Amino acid sequence: MKIGLFNPSVPKQTAGEPSATPMVMTETATLSDESGKRIQTHELQGKVVFINFWATWCGPCRAEMPSIQKLYDKYKDNDKVVFMLVEIEHNAEGAKAFMEKEKLNMPIYYPESEIPSTWLSGSIPSTVVLNKQGALAFDHKGMADYSTKEFEDFIVSLINQ
């Protein structure tokens with residue numbers, strides 16, 4: 001993954017400046033966590049929300065998880081950032097087994113409503129980042145390395161807006 005083929009294209013912006021990329025107000029989805037607690041994504045306004053859609057059988061999804069874990073480890077204690085790894089098929093047993101086997105500790109969620117097509121259009125892995133206003137700030141289809149300095153700087157710029 002580190003060979004450069006999977007680096008997501010991150011919008012260029014600096015802290016305090018509006019994004020040069022047009023931002024479309026996002027829709028909302030209802031997700032449940034591992035305990036069954038439901039959350040609607042619009043309730044997370046005021047936070048940067050990293051959402052990764054994946055499935056346990058998806059090789060590219062599984063391959064990018066270590067890079068997401070690195071990003072998660074840097075921001076898991078920051079109350080301005082939320083990570084949601086959405087296992088799209090409700091395979092709780094498979095997701096838990098995969099996370100344990102790979103020694104990953106990110107929060108897994110499951111869809112409880114229709115996922116907006118602006119976020120998930122049928123291709124996985126698929127990753128979106130919502131800014132603090134709930135607008136779509138980043139959208140990437142396919143496998144990527146999210147542990148890069150460029151992506152971390154992008155997250156910081158959204159936190160600081």
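The values are calculated or read from the model by the stated rules, or taken from the named source; none is laboratory data. Keep in mind that this is a model prediction, so the values were computed, not measured. Counting neighbours? That spans all protein chains shown, and the Cβs are built from the backbone with ideal geometry, glycine included. These accessible areas exclude ligands, DNA and RNA; they are computed on the full protein's heavy atoms, side chains included. Shrake-Rupley method; radii C 1.70, N 1.55, O 1.52, S 1.80 Å.
So here's what we get for this one:
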{"read-out": "Complete set of residues in region 98-134 that are in a helix (DSSP H, G or I) and in contact with a Ser or Thr (Cβ under 8 Å, 6 or more places away or on another chain)", "value": "98"}
{"read-out": "Subset tally (residues that are among the polar types (S, T, N, Q) and either part of a loop (DSSP other than H, G, I, E, B) or touching a Leu at 6+ places or on another chain (Cβ under 6 Å) (or both)) for region 135-158", "value": "2"}
{"read-out": "Lone qualifier among 113, 147, 123 - being of a type outside the set (D, E, K, R), crowded, with 17+ Cβ neighbours inside 10 Å and over 11 Å from the mean Cα position of the chain (by Cα)", "value": "147"}
{"read-out": "Per-region count, region 77-110, residues open to solvent by 80 Å² or more (accessible area, probe 1.4 Å), closer than 19 Å to residue 34 by Cβ, touching a residue at least 24 places away in the same chain (Cβ under 8 Å) and touching a strand residue (DSSP E or B) at 6+ places or on another chain (Cβ under 9 Å)", "value": "2"}
{"read-out": "Tabulated pairs, region 111-131, first free of Cβ contacts under 8 Å to residues at least 60 places away in the same chain, second basic (Lys, Arg), C-beta under 7 angstrom, 6+ apart or interchain", "value": "123/141"}
{"read-out": "Residue that is surrounded by 15 or more Cβ atoms within 10 Å (Cβ to Cβ), more than 24 Å from residue 28 (Cα to Cα) and of a type in the set (Ser, Thr, Tyr), where the choices are 67, 157", "value": "67"}
{"read-out": "Residue within region 69-77 that is in contact with a Lys or Arg (Cβ under 9 Å, 6 or more places away or on another chain), at pLDDT 95 or above and among the hydroxyl-bearing types (Ser, Thr, Tyr) present", "value": "no"}
